[in-house]
């Protein structure tokens, strides 16, 4: 249901314009395959928090099959990836996973996602390009 509520970006130009148009808010883009179960579940979470974070963040969805222009540039090979931008700059976050460029796993805890967004926004307002996540995800997939 979340994929219906949130705005979709249907071309590379729309993605660029969404990143360029926001001066004071964090731009969150969920890149992925719209029909994939992980994407659908993440879209529901994003739709539920979109209203709560609307003062400092805006959420968009982009299907990587419909808009393949960024797949190699941002290494979008996973079925679901969330990326953050602020004032036309890619914001990185150290999740403890080794990949600071994006969040590429399903995060269903709404408050956890809001905390990450707030942390990235606060760091971005201070001029930082890399922030440390409020939670360390390095042990998430421990066997």
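Just so it is clear, none of the values below were taken in a lab; they were calculated from the coordinates. Fair warning: this is a prediction, and the values are worked out from it, not measured in the lab. Here the Cβ is made from the backbone with ideal geometry for all residues, glycine too, and neighbour counts use every protein chain on show.
Only Cα sites of the chain enter the Debye sum here, all with the same form factor; the resulting log10 I(q)/I(0) across q = 0.20 1/Å is -1.34, listed in q order.
Summed over qualifying helices (DSSP H, 4 residues or more, each -39500 (n - 2.57)) and divided by its residue number, the chain shows a 222 nm mean residue ellipticity of -9500 deg cm²/dmol.
Please report 91, 73 as a ranked list, fewest other C-beta atoms within 10 angstrom at the top and most at the bottom. Spell out each step's value before the answer.
Values: 91 22, 73 7.
Taking fewest neighbouring Cβ atoms as first place, the list is 73, 91.
Cβ crowding within 10 Å ranks 13, 105 as 13, 105, fewest other Cβ atoms first. Annotation: the antiparallel percentage among DSSP beta bridges lying fully within the chain is about 50. Within the listed set 88, 101, 55, the residue fluctuating most in the Gaussian network model of the chain (springs between alpha-carbon atoms under 10 angstrom) is 55. For the options 119, 81, 97, a Gaussian network treatment of the chain with springs between C-alpha atoms closer than 10 Å singles out 97 as fluctuating the most.
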